[in-house]
Amino acid sequence: MVACRPFAKAKIKMSRVAIVSHDAGGAEILSSWLLRSDDLCSLVIDGPAIGIFDRKCFGTERLTLADALEKCDWVLCGTGWASNLERQAIKLGRKQGKKTIAFLDHWVNYKERFQEIDGSVTLPDEIWVGDEQAQRIAEAAFPNIPVKLRINPYFEDLRRDFAQIKTNKSATKKVSILYVCEPTRKHAYLKYGNEFHWGYTEEDALKYFLENIGSLHLDISYINIRPHPSENSDKYQWAEALAPELIRFGGAKSLMHETVKADVVVGCDSMAMVVGLLAGKRVISCIPPGGNSCQLPQAGIEHMQNLVEKRI
């Protein structure tokens, strides 16, 4: 991996940007953006973002939010559920007259990503998105804010890396599955005060998948359960009892590595499922009956409920 070079000399004066990130999805995009940027960069990072920036970008100045805002010309942040960091950066940046830009890393719950605990909304000066589908959704949600289409640098990195990886498919017909988790229950409680706001929890979804894996009509070699970067590594140990001969647990290696090793990627509404599509994998949403439907707009995603109904 090429090191970030945020302090390289240049003939023209470069602007300084404060990059603010907590959640994993935004951190992947912003770290890939930083690798391409000629701006002077300061990092304000916490939570899962720390490991991602450590892995991809080293040598970049790290500051407190207050110090970064004092030094910067503008702010680029992600959007997250698990922390108030990005919303604080937007609020304080705008108060200090610094231009604030948020790069959306998903396709769902856009308004909620800028909502404070008290219900108030803190919006940036500008929003960036990485594809036309996200642009349409964001423009409808935020008609009074500029929404600009940018190349998703994280997806560009993945496409390059996937193209360079040669996988040796064995002669066996056995299939490996990567199950990507996300803390649905926690997000629902933080935003709505109700763990079942979306009609299901992450435990419900995993149990539904494991109890209905026969609907896939596959000879499965193993199911690799990958916790979300914000979750404890042992959160899903209970699932081993439902399919002890198949279950193994991932998360120690990168999402790209574990995606490459899998034949099928399964999740609910996770961006990791879109990564699976980029890798050319079969992708399935396993939201159980009674839950809100999958909001990812990508046409290549199959739905477990449809497969179960066909089996019946």
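Residues in region 41-76 that are open to solvent by 40 Å² or more (accessible area, probe 1.4 Å), farther than 25 Å from LYS253 by Cβ, touching a residue at least 40 places away in the same chain (Cβ under 8 Å) and not in a loop (DSSP other than H, G, I, E, B): GLU61, LYS71. Restricting region 101-122 to residues that are among the aliphatic types (A, V, I, L, M) and at pLDDT 90 or above, the residue that is farthest from GLN295 (Cα to Cα) is ILE101. Of the strands (runs of 3 or more DSSP E) lying entirely inside region 195-312, those containing at least 3 residues that are crowded, with 17+ Cβ neighbours inside 10 Å and not aromatic (Phe, Trp, Tyr) are 220-226, 264-267, 282-285. Considering GLU112, GLU116, the condition of being open to solvent by less than 40 Å² (accessible area, probe 1.4 Å) and within 30 Å of ILE137 (Cα to Cα) is satisfied by GLU116 alone.
This table checks each residue for (1) among the charged types (D, E, K, R); (2) in contact with an Asp or Glu (Cβ under 6 Å, 6 or more places away or on another chain).
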{"position": "SER32", "(1), (2)": "no, yes"}
{"position": "ASP38", "(1), (2)": "yes, no"}
{"position": "LEU65", "(1), (2)": "no, no"}
{"position": "ALA68", "(1), (2)": "no, no"}
{"position": "LEU76", "(1), (2)": "no, no"}
{"position": "GLN88", "(1), (2)": "no, no"}
{"position": "LYS95", "(1), (2)": "yes, no"}
{"position": "ASP105", "(1), (2)": "yes, no"}
{"position": "TYR110", "(1), (2)": "no, no"}
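All conditions but one from (1) within 15 Å of the chain's Cα centre (by Cα); (2) more than 23 Å from HIS197 (Cα to Cα) apply to HIS257; the one that does not is (1). Applying a threshold of 6 Å to beta carbon distances and a minimum spacing of six or more residues, or different chains, the list of pairs starting in region 279-294 at a residue that is at pLDDT below 95 and ending at one that is of a type in the set (Lys, Arg) is empty.
Of the strands (runs of 3 or more DSSP E) that lie entirely inside region 123-182, those containing 2 or more residues that are modelled with pLDDT of 95 or more and open to solvent by 20 Å² or more (accessible area, probe 1.4 Å) span 147-149. Residues in region 77-97 that are surrounded by fewer than 24 Cβ atoms within 10 Å (Cβ to Cβ) and in contact (Cβ under 8 Å) with a residue 60 or more places away in the chain: TRP81, ALA82, SER83, LEU85.
For region 13-40, the candidate set comprises residues that are outside any helix (DSSP H, G or I), surrounded by fewer than 23 Cβ atoms within 10 Å (Cβ to Cβ) and not polar (S, T, N, Q); within that set, the residue that is modelled with the lowest pLDDT is LYS13.
The values are calculated or read from the model by the stated rules, or taken from the named source; none is laboratory data. These numbers were taken from a predicted model, which means no experiment stands behind them. Positions of Cβ are generated from backbone atoms using ideal geometry, with glycine treated the same way; all protein chains shown enter the neighbour counts. Remember, those area values only see protein heavy atoms, side chains included, never the ligands or the DNA or RNA. Shrake-Rupley method; radii C 1.70, N 1.55, O 1.52, S 1.80 Å.
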